[in-house]
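Participant: The structure under discussion is supplied below as structure tokens; questions concerning it will follow.
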Amino acid sequence: MRFMMLMIPGVYQSGQTASLGESFAPDPEMMATMMKYNGELNRAGVLISLDGLHPQSKGARVAFRDGTPTVTDGPFVETKEVVGGYWLIQVASKEEAVDWAKRCPAQEGDVIEIRQLFELSDFPPEAQKLYDPDLHAQLAQ
């Protein structure tokens, strides 16, 4: 089973995202601690991929209403829970994913949301017929 663990940093939840600015970078000491955790995931053979995300002030949102896309540049003041990064892991159960999330050296106020990825077998047979193995092979490279 594949799970995505989404990091929602406490600093983003506190409404301080606008004050992070263009030059925001994680604390080097915290990065070192997180890299150790990432290494544990890798050595255990459960890590598929991971990445951190720039603050939302550097991002954009595309919202769709009445068939029309509307673009809003960040920061998004109305948002309290913003993803700051993710881990994609493959484990045997949701409980195992939760156990890995509990080991994360998160900071005070951080939240990790755990979401299982859909597998082809989760879809009805008529939807499975739409699967494009060539596209997935290209993405895996």
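Participant: When you scan region 105-127, do you find a residue that is assigned to a loop (DSSP other than H, G, I, E, B), hydrophobic (A, V, I, L, M, F, W, C), farther than 20 Å from L47 by Cα and within 20 Å of the chain's Cα centre (by Cα), even just one?
Facilitator: no
Participant: Then there is this: Have a look at S121, S93 and point out the one that is polar (S, T, N, Q) and more than 21 Å from Y37 (Cβ to Cβ).
Facilitator: Only one candidate qualifies: S121.
Participant: Only residues that are assigned to a helix (DSSP H, G or I), in contact (Cβ under 8 Å) with a residue 12 or more places away in the chain and out of contact with any helix residue (DSSP H, G or I) (no Cβ under 9 Å at 6 or more places or on another chain): list them for region 38-61, please.
Facilitator: Initially, region 38-61 is screened for residues assigned to a helix (DSSP H, G or I), giving 38-43, 56-58.
Going one step further and asking which of them are in contact (Cβ under 8 Å) with a residue 12 or more places away in the chain, we end up with 38, 40-41, 56-58.
Result: N38, K58.
Participant: Something else now. Could you list, in sequence order, the residues of region 82-104 that are loosely packed, with under 13 Cβ neighbours inside 10 Å and not hydroxyl-bearing (S, T, Y)?
Facilitator: Residues satisfying the conditions are A92, E95, D99, K102, R103.
Participant: Suppose we filter V82, V46, V62 for residues that are within 24 Å of E119 (Cα to Cα) and among the β-branched types (V, I, T); which single one remains?
Facilitator: None of the other options fit; the residue is V46.
Participant: Can you name every residue in region 63-96 that is touching a Ser or Thr at 6+ places or on another chain (Cβ under 7 Å) and modelled with pLDDT of 90 or more?
Facilitator: L88, the sole residue that qualifies.
Participant: Determine, yes or no, whether S23 is in a helix (DSSP H, G or I), among the polar types (S, T, N, Q) and either modelled with pLDDT under 90 or in contact with an Asp or Glu (Cβ under 7 Å, 6 or more places away or on another chain) (or both).
Facilitator: In short, no.
The values are calculated or read from the model by the stated rules, or taken from the named source; none is laboratory data. Predicted model, so just to flag it, every value in this text is computed and none were measured. For neighbour counting, all protein chains shown are included, and Cβ atoms are generated from backbone atoms with ideal geometry for every residue, glycine included.
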